[in-house]
1. Grab the Cα-Cα distance for ARG396 and ALA364, subtract it from 0.36 nm times how many residues apart they are, and report the gain in nm with one decimal.
2. Leaving out ligands and nucleic acids, note down the accessible area per residue over segment 41-108 with a 1.4 angstrom probe, in whole Å².
3. Could you point to the residue in PHE341, ILE398, PRO375 farthest towards the positive end of segment 317-405's charge dipole, with +1 and -1 charges on the Cβ of Lys/Arg and Asp/Glu respectively?
4. What ranking of LYS116, LYS320 comes out by heavy-atom accessible area, probe 1.4 Å, highest first?
5. Taking the Cβ-Cβ separation of LYS16 and ASP506 as r and a Förster radius of 45 Å, what is the calculated FRET efficiency to the nearest 0.05?
6. Roughly how many debye, to the nearest 20, is the charge dipole of segment 275-376 about its Cα centre, given +1 on each Lys and Arg Cβ, -1 on each Asp and Glu Cβ, and no other charges?
7. In whole percent, and with a 1.4 Å probe on the protein chains, what portion of the accessible area of segment 333-456 is carbon and sulfur?
8. In what order, largest first, do SER48, SER585, SER208, SER503 sit by accessible area if the probe radius is 1.4 Å?
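The values are calculated or read from the model by the stated rules, or taken from the named source; none is laboratory data. The structure presented is a predicted model; accordingly, all values stated were derived computationally and were not measured. When we count neighbours, we look across all protein chains shown, and the Cβ atoms used for this are built from the backbone with ideal geometry, even at glycine. Accessible surface is based on the protein model in full, side chains and every heavy atom, while ligands, DNA and RNA are left aside. Shrake-Rupley method; radii C 1.70, N 1.55, O 1.52, S 1.80 Å.
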Amino acid sequence: MGLPVTQGAYNLLEEKWIPVLYGDGKTERVGICKALKDAHKIRQIAASNPMDRVALLRFLLAVLMWCKEDAKSSLAALDEKSAGIPKNWLAKLEENRAAFNLLGDGKRFYQDESLKGKDSLKGNDSLKDDDSLKDDDSLKGNDSLKGNDSLKDDDSSKDKKSRPISDLLVEFPGADSVNHMRHVVHDDPYGFCPACCAMGILRLSVWSPANKYYPASVNPGSAAYAFIEGKNLLQTLCANLPQTQGASAPPQPPPWLLTNPPTAPDDVARLTWRPRKLWLKFADHRGTCAYCGSNGVLVKRLYNKYGWSTPVTDGQRFGKDVLAEFQKINNAYGSKKTDEFKLADKVVRVAQLIRKCRMEALGAADTPAAAAPNPEPDEQKIARVFHQLFTADNQRAIEELTKKATEQESPHLSGSDTQVKKFWDTDPHLLKKKGEPISLPGLAADVAAHSSRFWRDAFRLRGQRQGKVSAIGPVVNKFTFQDATSVSVPNEAANQRVERSASIRDGLRGLVKYTTPNQKTGKYDHHEIDAAVVLLTADAEARVRTALEQPPARAQTDAEADKNFLREIFEPVVEQIVASTTKGSPLRRRAAKEHAKALLNKKIKELVEKPDHLSNAGTPAAVPGKPKRGRKKGGSK
């Protein structure tokens, strides 16, 4: 990939770096300006990795909101006219053109010049015509690699402060990313083209994980997102814009114009947060991009430092102030594995609740209140009183002051007051469960089973969004390797079938277990049944999803159709599980199969006809079989 337009700066407004699919089937890479102007012609963003599609879509949403204050209503009006975004809407982009330079001297896109090394731009003559290198016989037959003396590492790429370019894309191994099948991380074996570097930088705004060296972005690195899909990119942008554009007054500069984080970030800032301080270490390298396969200029190293801290809520900020006061009283409150630390952690989690609803009760527990400073900040008083209670071993008072909010207290609290984890609680795209982002499975969980069920979790958590929804999120634990899955979630009419099929799936183990002679109920019993259920769940989930994504016929909405739907999906699964796990004669296996099918049909009938009065089809009392012999109460044999 050459750099013809901006002669070395690689300006993202014009360079062809965003992969898109047009309505006529043509694929192309476009710049920011063309992506927005042609939004009514573009079918969708066509990045191969769903993580990049999320990052690019959220970035374009932020650009639109920055350029046009009333973006949502204005886009809806354009869609009615089937018109594209006019050029005058994008005036701010032209006014700040230099801020979108990915390379070159001066200000760069999403990069911090303070990280620039003295030799970080050596070899920049590679952006000029490289006639002096065209006689390299080793590269004959490959015009795109002519003049590739730059494949030899220059001394500047060996400095210890820079890091491998793989920091931008989690798929590639780096100095610390060792959990890969490929561990080639030394001597800069590969590089990324400028287009892939730009996508990698934007991906950090969405998927950046936290560790002891770096902060997460506005949401955890394992977050999942759902987007409404329009007929074209313009409709998709309009449907996924936040309902409000933040409460900042006057409007704040966007992150691509800032060096330091805003104190009160608005929606634009949160959509394009900068959790890393970066500087691309551009040198004289040419070759094949390891990510997209294009030939041309490559970037092999970068400077990567701690960036903007994850935004916190008012409650979390107040909790940090309380913790600081604890540590002023005694250093033990800052040492993990101590009883003092455990107390401080418990208090910090409910600090905002105490501040808003329990200060009077806290004052009543303050025995030497007369000796307290006057005036005394709330955070100082909370730490002081709890320290007194801890010293006096008054556990009853501590438990009473740190218990969950009561029904009378809840109306006085906002959702962010009791938020423990750091995430954007009003994120319009984030999938949440019980008020927190959905999490990944543990290291011991079956990844294939989790991946196959991801679409169902997305469907349940999509809220009241209507229309076709694409849900995207990692499916593998963050400590191993992160990948993403993209699913199209069915419409609201399929909700009952989604819930019923989930209930059947979750009860398969217990249902089959009671067809065996040994009906143990322990967690680690019947390993063979557990293995069979896990093995067959993915296929069953795929069949459910495929069936639900088809437009249902009118006759398929009644109860009988729902029963047939569930039988068609799960009867073959039950038969296969029983056939592969039941021991004994053919007669015994046939009896177990019929027994399991009877249990399945009972469960299906209850789900469809009496969803509010379900019995447990996996208990002995619910298993149809021979009647028990013996004396009935009040009768005879």
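1. Going from the current span to full extension adds 10.1 nm.
2. On a per-residue basis, segment 41-108 sits at 41 Å².
3. PHE341
4. LYS320, LYS116
5. Here the calculated transfer efficiency is 0.40.
6. So the magnitude is around 800 debye.
7. Carbon with sulfur: 50 percent of the solvent-accessible area.
8. The ranking, largest first, comes out as SER48, SER585, SER503, SER208.
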